[in-house]
1. Taking the stretch 269-294, which residues are β-branched (V, I, T) and crowded, with 17+ Cβ neighbours inside 10 Å?
2. If I ask for residues that are in contact with a helix residue (DSSP H, G or I) (Cβ under 7 Å, 6 or more places away or on another chain), more than 14 Å from E316 (Cα to Cα) and outside any helix (DSSP H, G or I), which ones from the stretch 247-269 would you list?
3. When residues of the stretch 281-308 are filtered for being closer than 26 Å to I235 by Cβ, hydrophobic (A, V, I, L, M, F, W, C) and not in a loop (DSSP other than H, G, I, E, B), how many remain?
4. Filter the stretch 177-201 down to residues that are at pLDDT 90 or above and aliphatic (A, V, I, L, M) and give me whichever is surrounded by the most Cβ atoms within 10 Å (Cβ to Cβ).
5. Would you tally the residues in the stretch 202-238 being surrounded by 11 or more Cβ atoms within 10 Å (Cβ to Cβ) and either assigned to a loop (DSSP other than H, G, I, E, B) or in contact with a His (Cβ under 7 Å, 6 or more places away or on another chain) (or both)?
6. Looking only at the stretch 308-355, filter to residues that are of a type in the set (F, W, Y) and within 22 Å of T90 (Cβ to Cβ); which one of those is farthest from the chain's Cα centre (by Cα)?
7. I'd like the residue in the stretch 325-339 that is touching a Lys or Arg at 6+ places or on another chain (Cβ under 7 Å) and surrounded by fewer than 20 Cβ atoms within 10 Å (Cβ to Cβ) and, out of all such residues, is nearest to L68 (Cα to Cα).
Amino acid sequence: MIVFLIKHHKQQGVALITVMLIVALCAVIASQMTARLQMQMQRSANVTFNQQAYWYAMGAEAFTKRVLITAFEKDAEVTHLGQIWAQGETAYPVDFGEISGEITDLQSCLNLNALRAPFKNSSSGDASSGDSKKSGSSRNNGGSRNSNKVPARLALEALLINLQIENVSQFEAESMADALTDWLDEDSSISSAGGAEDNDYSSREFPYLAANHYLASVNELRIVEHFTPAIITAIKPYVCVIPASDEHQININTISVEQPELLQALLDSTLDEAQEILSARDDEGFASIDDFYNSSEVVQLTNFESKKDQFVVDSEYFTLKASASFNDSFFAMRSVMKVTNNKYIDVISRTVGRN
């Protein structure tokens with residue numbers, strides 16, 4: 001009888017331990033389920049917040065279209081920095097967040113894709129006024145070397161020199177222009193001594209091929225031969241990329257007064273001459289391209305006739321840098337827009353991210 005009672009108590013002890021283990025296991029499972037539920041709820045909230053921030057940014061894009069249309073209803077023939085779109089970065093408070101945006105003229109900078117434009121001799125019968133945008137002799141280069149270079153390439157080489165980047169001489173500038181031209185052109189043949197094509201890129205530790213197409217972003221220069229991070233950082237404020245376009249039309253009215261080096265490169269002038277032209281421009285710029293041509297600061301320039309076709313006083317490409325926050329979520333977007341007939345605006349590219 002005593003042995004039976006001892007066995008009975010032992011069985012009760014085992015059963016109690018088993019029950020405690022089951023309770024502990026249930027508690028762990030419940031805790032895990034609760035944690036996962038909280039994570040799923042937070043994830044859903046984050047998705048909702050991010051989506052709201054995205055729609056805020058899209059609202060900034062729609063507002064930009066309205067601003068541009070309003071500006072060009074008043075000034076249909078001229079684009080200048082006195083218009084409402086050129087107010088710099090502007091922020092608007094919204095429910096639980098903020099929307100900020102900045103509109104810039106993509107024709108106030110050097111379009112790198114313009115180096116892809118085919119060279120056409122102005123003496124040929126089929127050369128149009130747009131094709132005659134090439135420079136003659138240059139102060140920094142011999143005319144024989146420049147005779148087959150498109151104006152955008154001459155401007156890029158001059159800009160690299162004007163910015164006085166460390167270890168960048170005329171030779172390095174021409175090599176970078178050669179490499180970028182090869183990156184953009186349709187063939188796989190090296191255009192000049194400093195160029196680079198598939199064989200050069202495929203032999204690297206992490207091989208790739210030349211794009212042989214338009215640049216999608218200025219950041220793409222990081223994988224083009226000869227371009228270093230220091231060089232890209234130096235030229236980035238002065239250059240841009242118009243998607244799938246080799247247009248080289250610079251709006252003299254929207255070049256920043258803080259960037260005379262760009263105008264200096266376009267005109268192959270001195271820095272003082274470029275600064276004088278920008279300083280003489282009033283708040284509303286030049287009313288017509290002839291006013292620019294006939295200004296006293298421009299008339300005194302040498303060899304201007306061969307460079308005049310690079311300039312316009314109206315623009316059709318703009319970029320919006322928009323950012324939006326909602327609660328703890330943030331969304332950044334860059335949109336490139338094209339204005340047609342001052343009435344229709346198409347978004348031709350949209351990039352998500354701070355860059």
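The values are calculated or read from the model by the stated rules, or taken from the named source; none is laboratory data. The model shown is predicted, which means the values in this text are computed figures rather than measured ones. Positions of Cβ are generated from backbone atoms using ideal geometry, with glycine treated the same way; all protein chains shown enter the neighbour counts.
1. I277, I289
2. Of everything in the stretch 247-269, those that are in contact with a helix residue (DSSP H, G or I) (Cβ under 7 Å, 6 or more places away or on another chain), more than 14 Å from E316 (Cα to Cα) and outside any helix (DSSP H, G or I) turn out to be I255, V257, D268.
3. 2
4. By that ranking, first place goes to L180.
5. Number of matching residues: 17.
6. F326
7. Residue satisfying both the conditions and the ranking: R334.
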